[in-house]
1. Could the peptides 580-589, 298-307 be put in order, highest first, of the mean number of other beta-carbon atoms found within 10 Å of their residues?
2. When the helix-only estimate is applied to the chain (DSSP H runs of n ≥ 4, each -39,500 (n - 2.57), divided by the residue count), what is the mean residue ellipticity at 222 nm, nearest 500 deg cm²/dmol?
3. Whole Å is fine, so just give me how far the alpha carbon centre of the range 53-72 lies from that of the range 261-297.
4. Based only on other Cβ atoms within 10 Å, what is the fewest-to-most ordering of 65, 119?
5. Which residues in the range 551-572 place their backbone N less than 13 Å from a point set 7 Å from the Cα of residue 486 along the Cα-to-Cβ direction?
6. Packing-wise, with mean Cβ within 10 Å as the measure, how do 342-353, 400-411, 438-449, 280-291 rank, highest first?
7. Once label points are set 7 Å from the Cα along Cα→Cβ at both residue 593 and residue 10, what is their separation, rounded to one decimal in nm?
8. Would you please calculate the Kirkwood hydrodynamic radius of the range 522-605 over all C-alpha pairs and express it in Å, rounded to one decimal?
């Protein structure tokens, strides 16, 4: 037999197999990215460095929102197997032993060699209480994290909340990792990308048990975190604090704007809460408590509550009617109370007098002339055409819109149109006689406190406004583009003269319903409103601007279940305006009355 030939064949076969294995190993180690990454995970560790979140300041540079240290307690199951007194550790944390053991089991199931967070966001004082004892418990260590802190406890609903990311957040944005935090509502959410900054990275070598060894490549691959941009808000911290103080014990809202810029000077929704309640280990319990509170402190009434505007809306009707030419300033209309109810001893008003007296028949007739304008032979087609044009004019005042959407959570309210009434009554089966309640700010018409404050700014500016906004600078680069866009109502400036004169008489005239808003030395122009509420006493409403000739502030005040607008909303507005414009308080008794008032109010049954 040819043994030598067989030897060469068998040897060649073994050599070929060895060559295949060597080639495959080379491919896996040098050419396969998947295995290269796997090998790196066995020896390298990447640590993410969180960026410092941007701070928030008021318009004068006073700090509103900052970052403060908190402490997470981490547990590594493998390291703890040397023995731990779980009863003692539970007692130290103030937990039930069963809850601690459940947390340990969850951590062990996740990863035995990696630390898992079992307590989040311990404040410094609580951490100080337990820190000296942590050494007694193998596998337990602490990690410092920065969380938000609203230093003044102001503007909770506007600033918003900061909380741990959800599964949806992680899926939507690869920037976030499990355990990260982000803005969840308010300005914290609206400006999340600017505030969050850019994460850094640090690489180091670890052993098989994930223990730190040395920096990788001498730290040359590391990158520093980039802090988030600071926000300068338009709020006046002192004015905001005073406005919140005035609304303590009440339900409602205050919105104060700077007419020339659209900047929000103060925005209050009452009742409110301290923003730091939604931080720390008790966040969940606090949130549930606030959510289930019947007074709805989490609900931002200033931008989300919808009310009928009532008699305040009559000024808009008058302005559009003047601009359309259906009335003149001197036009007088009989107060025919057989058509629609009215109140007060007037009988034959012109426009200014009708606003002062809040004459319902006057504005019933004014809107009839605008809507039922003989544009078509059928009264139904005529009403549809007229209402369509009317709706467009009303929306130019910001009603039925989000006013540019520069504030978080804005609702649009409702300006009824032909589509709505066709749905209610059937196509072309309604006329002005069906819908006339909107002429006096009732019916289907809905507005928000922000829109009413913006109306005060429009009248102060004689026909235009800038988009209401709460941020005047981002990272030292000024306002974001378009944040304060100019909007024209299309009403000529001279049309505003009789309306402004009427608003001054409401406050300063004999028998004016807004007399409680008078301020010595400051000309306040205002309008009271009483919003119908079928469940309880009516809501007290007042809108105003001041001074008359050089307006610096425009406000709306809503006090729920407080009765007439002149009783409570008007004096609150006066106190706010005087606090902003004057150096001293002229009427301490007025302030004392407001601060002492609580819901239910003295007028309430």
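1. Values: 580-589: 12.0, 298-307: 21.9.
Put in order of decreasing packing, that is 298-307, 580-589.
2. Working: 23 runs with 219 residues, N = 605.
Calculated from helices alone, the mean residue ellipticity at 222 nm is -10500 deg cm²/dmol.
3. Cα centroid to Cα centroid, the span is 17 Å.
4. On the way: 65 26, 119 20.
Going from sparsest to densest Cβ surroundings: 119, 65.
5. Flagged as within label range: none.
6. On the way: 342-353: 16.2, 400-411: 19.2, 438-449: 23.0, 280-291: 14.0.
In decreasing order of mean packing, 342-353, 400-411, 438-449, 280-291 become 438-449, 400-411, 342-353, 280-291.
7. 11.5 nm
8. Details: mean 1/r = 0.0755 Å⁻¹.
Taking the inverse mean of 1/r over all distinct Cα pairs, the range 522-605 comes out at 13.2 Å.
Where a number appears in this text, it was derived from the coordinates with a stated rule and is not lab data. As the structure is a prediction and not an experimental result, all values here were calculated from the model. We place every Cβ from the backbone using ideal geometry, glycine too, and count neighbours over all the protein chains shown.
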